[in-house]
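Down below is the structure, laid out as structure tokens.
The values are calculated or read from the model by the stated rules, or taken from the named source; none is laboratory data. These figures come from a predicted structure and were not determined experimentally. All Cβ positions, glycine included, derive from the backbone under ideal geometry; neighbour counts span all protein chains shown.
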Amino acid sequence: MNGILCVNKPAGFTSFDVVAKLRGILHTRRLGHGGTLDPMATGVLPVFVEGATKAVDIMPDNTKSYRAGFRLGFTSDTQDVTGEVSECSDMAVSESDILSVLPEFTGKIQQKPPMYSAVQVDGQRLYDLARKGIEVERKSREIEVFSLRLESYQPECREGVLTIECGKGTYIRTIISDIGEKLGCGGIMTSLVRTSSSGFTLSDCYTFDEIQAAADEDRLNELIMPVEKAFISLPELKLGQVQTRMYSNGVKLDLERVYNILPDADTYRVYGFDGEFLGTALADRENGVLRVGKNLR
């Protein structure tokens, strides 16, 4: 049992809760998850099983997509409905008002992590400090929002849904809070569904009940995808028999001796002479060598 099991995370579970529950179902402790989700959030959570855990930190595609519900005119200490919510404005906000500010939250932008987050400051998790009523200075970080679209909006109750495609480290509730602040009325997140993560979608996901049923029927392997699927966006590199042995032993390969013509890229997904997926390789053209990136076999 080795690969990626995509879970449709239910509300009320942290990402670590999901891993803990799966340890009981799969009977293994070698699990890791690909991207933290807040307890209130649902949706795509890739879980790496056994040897695939080595791939958690080297995913080539960190793009994520969300559908986020929001309500304007309110603020909360958590920036969503799970916190202490207070009304801050009764001003009317039209759809055109929202559309006018969305471009400011698209592209590469600066975002300050919320206090209720797993970010560490001086060795302490921000959420631990926040629960003690302590607020500390946080440095803004660059994030990238590839697309931000208003899917629906009801001006009478100032509630709507945003669809967001973004890079790693983006806090959706903070985007909504910042949009509310920009509009001058405040805003909180009311729901969050992650619809895709690192190339995996909701159609790839299973519920706990489905996973448990597969375990009971001894067919878990039907649900677990090969780890190479996470690297499908990288160009393919096939090695010969001798090169496969060298790669497996961590030996650098001469770029000129690689059998197939290398496409112009920095990182490749590597297959052995027998077609087995081995891991990743990095092209060092300055020194004319191909280095082992991560051996995942």
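Is it fair to say A230 is under 24 Å from the mean Cα position of the chain (by Cα) and without any contact (Cβ under 8 Å) to a residue 60 or more places away in the chain? No; evaluated as a whole, the condition is false for this residue. Within region 105-113, one or more residues are closer than 19 Å to T190 by Cβ, surrounded by 15 or more Cβ atoms within 10 Å (Cβ to Cβ) and either in contact (Cβ under 8 Å) with a residue 24 or more places away in the chain or in the same structural domain as D178 (by TED's automatic domain parsing) (or both). Checked against the criteria, F74 counts as buried (at least 17 other Cβ atoms within 10 Å of the Cβ) and touching a Cys at 6+ places or on another chain (Cβ under 8 Å). What do you reckon, is E276 farther than 15 Å from P235 by Cα, without any contact (Cβ under 8 Å) to a residue 24 or more places away in the chain and not small (G, A, S)? The answer is yes for E276. The residue that is nearest to the chain's Cα centre (by Cα), counting only those in region 82-102 that are in a helix (DSSP H, G or I) and without any contact (Cβ under 8 Å) to a residue 24 or more places away in the chain, is S100. The number of residues in region 10-54 being free of Cβ contacts under 8 Å to residues at least 60 places away in the same chain and either outside any loop (DSSP other than H, G, I, E, B) or surrounded by fewer than 18 Cβ atoms within 10 Å (Cβ to Cβ) (or both) comes to 22. A single member of T163, T170 is modelled with pLDDT under 95 and within 20 Å of the chain's Cα centre (by Cα), and it is T170.
Part of a helix (DSSP H, G or I) and closer than 17 Å to A41 by Cα: does that describe T190? Don't jump to the end; show me each part of the working.
Values: part of a helix (DSSP H, G or I): no; closer than 17 Å to A41 by Cα: yes.
The answer is no for T190.
When Y127, Y116 are checked against the criterion of being touching a Phe, Trp or Tyr at 6+ places or on another chain (Cβ under 6 Å) and assigned to a loop (DSSP other than H, G, I, E, B), a single residue qualifies: Y116. Scanning region 238-257 for residues that are at pLDDT 90 or above and either part of a helix (DSSP H, G or I) or in the same structural domain as E50 (by TED's automatic domain parsing) (or both) returns Q241, V242, Q243, T244, R245, M246, Y247, S248.
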